[in-house]
Amino acid sequence: MVELDIPVPTAFDPFAEAIESGTPGAKEYVHIRIQQRNGKKSLTTVQGLRKEFRYEKILKDLKKEFCCNGNVVQDKELGKVIQLQGDQRKNVSQFLVSAGLVKKDQVKIHGF
């Protein structure tokens with residue numbers, strides 16, 4: 001028998017990059033990602049905001065501004081993550097910068 005070293009594909013983890021990067025400044029970034037659901041449906045996630053922010057208030061403003069639904073999910077490793085319906089990556093980054101919550105160089109947009 002011949003043994004082949006073929007890597008087995010694993011499930012895609014959209015937060016793997018944030019977990020793997022152990023650099024000291026990695027926690028300072030706000031990561032905005034898109035996750036494909038089924039068909040054309042997608043989900044935008046915002047992770048890495050400071051803990052002192054009121055996530056529910058930010059979510060309420062985002063939902064009102066972009067006319068979409070969303071919620072705040074508590075993750076064991078990543079803390080609180082904001083989820084929004086649809087592809088809102090550019091909108092969310094512009095909103096966070098214009099509201100003064102983060103600086104433009106602290107936002108990382110991932111996806112497609």
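The values are calculated or read from the model by the stated rules, or taken from the named source; none is laboratory data. Worth saying up front: this structure is predicted, and the values here are computed from it rather than measured. All Cβ positions, glycine included, derive from the backbone under ideal geometry; neighbour counts span all protein chains shown. Surface accessibility is based on the protein's heavy atoms, side chains included, excluding ligands, DNA and RNA. Shrake-Rupley method; radii C 1.70, N 1.55, O 1.52, S 1.80 Å.
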Open item on the list: If GLY22 meets every condition in (1) open to solvent by less than 80 Å² (accessible area, probe 1.4 Å); (2) assigned to a helix (DSSP H, G or I); (3) at pLDDT below 90 apart from one, which number is that one?
Closed with: (2)
Open item on the list: Looking at the range 86-112 only, could you name the residues that are assigned to a helix (DSSP H, G or I) and open to solvent by 30 Å² or more (accessible area, probe 1.4 Å)?
Closed with: ARG89, LYS90, ASN91, GLN94, PHE95, VAL97, SER98, LYS104, ASP105, GLN106
Open item on the list: On the basis of being part of a helix (DSSP H, G or I), at pLDDT below 70 and either of a type in the set (Gly, Ala, Ser) or within 15 Å of GLY111 (Cβ to Cβ) (or both), does ALA11 make the cut?
Closed with: no
TODO: Inspect the range 73-85 for any residue being modelled with pLDDT of 90 or more, open to solvent by 60 Å² or more (accessible area, probe 1.4 Å), part of a loop (DSSP other than H, G, I, E, B) and not basic (Lys, Arg) and give the result as yes or no.
DONE: no
TODO: Among residues belonging to the range 54-72 that are of a type outside the set (D, E, K, R) and assigned to a loop (DSSP other than H, G, I, E, B), point out the one that is most open to solvent (accessible area, probe 1.4 Å).
DONE: CYS67
